[in-house]
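Worksheet for the structure shown next.
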Amino acid sequence: MVSAMDPGYFESMYAESADPWGFDERWYEHRKYALTLAALPRPHYRRAFEPGCSIGVLTAQLARRCDRVVATDVVPRALSSARDRIRREGLADRVELGRASLLDPWPAGTLDLVVLSEVLYYLTPADLDTVLGRAVDALEEGGTLVAVHWQHPVPEYPQTGRAVHDAVAAFEGLHRVGSYRDTDFHLDVYTRGATRSVAAAEGLS
């Protein structure tokens, strides 16, 4: 088994369709993005990282909550679509797009938000451990990590969504502050180190 799925797998998907997973069209995706954004414990972030950004649907929504979003993907066609979307929505000054995989070097400097949406099950357990270590190292104290993944098995993926969420939950240095799960997907929100709840941060508890 390769350490991560070959970029050719994704390039073939985008060769057949500009939006192979229906991110722009499906209510399932729109609902998942809304829940992801609602689960973020802060109203605003300084600098976020979203690997595997695809055509930029979630990227644009994150940009409205962040001063800066660094977003990457391995497929040039997907990045071109993301760039067009970001430009159309007037967010170009907030988003930095680049071609890279999860296993390539991460952005230099600290982050206060890492969004791992539908990407971790493409990694072997060893590479997942490496990526989570990078995430913890990159996050500032109290920074947020979000993991969101499809829960149904996909035979060609190295891991299941359930397995990767179990691995994130067991990783040292992350403190879970929120979770949502239904039949189809699992959403977990963590901070680096313990932090106050949203209500406590606003003096409500």
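Things to note:
- Options 114, 95; residue that is within 18 Å of residue 36 (Cβ to Cβ) and either touching a residue at least 60 places away in the same chain (Cβ under 8 Å) or touching an Asp or Glu at 6+ places or on another chain (Cβ under 8 Å) (or both): 114
- Filtered residues of region 3-17 (kept if of a type outside the set (Asp, Glu) and either open to solvent by 40 Å² or more (accessible area, probe 1.4 Å) or not in a helix (DSSP H, G or I) (or both)): 3, 4, 5, 7, 9, 12, 13, 15, 17
- Flag if residue 126 is open to solvent by 10 Å² or more (accessible area, probe 1.4 Å), assigned to a helix (DSSP H, G or I), touching a helix residue (DSSP H, G or I) at 6+ places or on another chain (Cβ under 8 Å) and farther than 27 Å from residue 63 by Cβ: no
- Some residue of region 154-175 being under 25 Å from residue 65 (Cβ atoms) and among the charged types (D, E, K, R): no
- Flag if residue 142 is open to solvent by less than 40 Å² (accessible area, probe 1.4 Å) and within 14 Å of residue 41 (Cβ to Cβ): yes
The values are calculated or read from the model by the stated rules, or taken from the named source; none is laboratory data. Fair warning: this is a prediction, and the values are worked out from it, not measured in the lab. Reconstructed Cβ throughout: ideal geometry from the backbone, glycine too, with neighbour counts over all protein chains shown. Quick note on the areas: whole protein, heavy atoms, side chains included, nothing else; ligands and nucleic acids left out. Shrake-Rupley method; radii C 1.70, N 1.55, O 1.52, S 1.80 Å.
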